[in-house]
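Participant: If you scroll down you'll find the structure; I have some questions about it.
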Amino acid sequence: MSRVVDVRQAVLARNDGWAAGLRRELDGRGVTAVNLLSRPGSGKTALLELLLTRAAGRGVPAAALTADLATE
């Protein structure tokens with residue numbers, strides 16, 4: 001007898017819990033986080049450059065974290 005176990009649900013539930021904790025931590029520190037996710041060439045980098053330039057011009061501290069596996 002075989003049994004099929006869908007581990008995706010458990011993994012995603014754990015990830016959702018970590019994400020909720022991170023959102024609470026950032027919110028408690030007054031940090032706004034934005035996730036830009038889209039296909040290559042859609043304008044994510046241009047948007048990020050514009051937002052960072054405007055933030056710097058207004059004296060708002062800003063940073064970018066990248067996790068692009070396709071480019072350096």
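Participant: Mind checking the angle between helix 44-57 and the chain's longest principal axis? C-alpha axes, 0 to 90 degrees, to the nearest 10.
Facilitator: Result, in degrees: 50.
Participant: Just the number, please: carbon plus sulfur as a percent of the accessible area of the chain, 1.4 Å probe, no ligands or DNA/RNA counted.
Facilitator: On the way: 4110 of 7210 Å².
About 57 percent, which is the carbon plus sulfur part of the accessible surface.
Participant: Determine the dipole magnitude for the stretch 21-72: charges of +1 sit on the beta-carbon of Lys and Arg, -1 on that of Asp and Glu, nothing else is charged, the reference point is the Cα centre, and the result goes in debye to the nearest 20. Walk me through the intermediate numbers first.
Facilitator: Details: 7 positive and 5 negative charges, 45 e Å.
That gives a dipole near 220 debye.
Participant: Follow-up question, since we're still on this one. Taking only protein heavy atoms into account and a 1.4 Å probe, give the accessible area per residue of the chain in Å².
Facilitator: On the way: 7210 Å² over 72 residues.
With the other protein chains kept in place, the chain gives 100 Å² per residue.
Participant: Dividing the Cα convex hull volume of the chain by residue count, how many Å³ per residue is that?
Facilitator: Values: hull volume 9.2 nm³, N = 72.
Once divided by residue count, the hull of the chain is 127 Å³.
The values are calculated or read from the model by the stated rules, or taken from the named source; none is laboratory data. Note that this is a predicted model, so its numbers are computed, not measured. Heads up, the Cβs are rebuilt from the backbone with ideal geometry, glycines too, and the neighbour counts pull from every protein chain shown. The accessibility values were calculated without ligands, DNA or RNA, using every heavy atom of the protein model including side chains. Shrake-Rupley method; radii C 1.70, N 1.55, O 1.52, S 1.80 Å.
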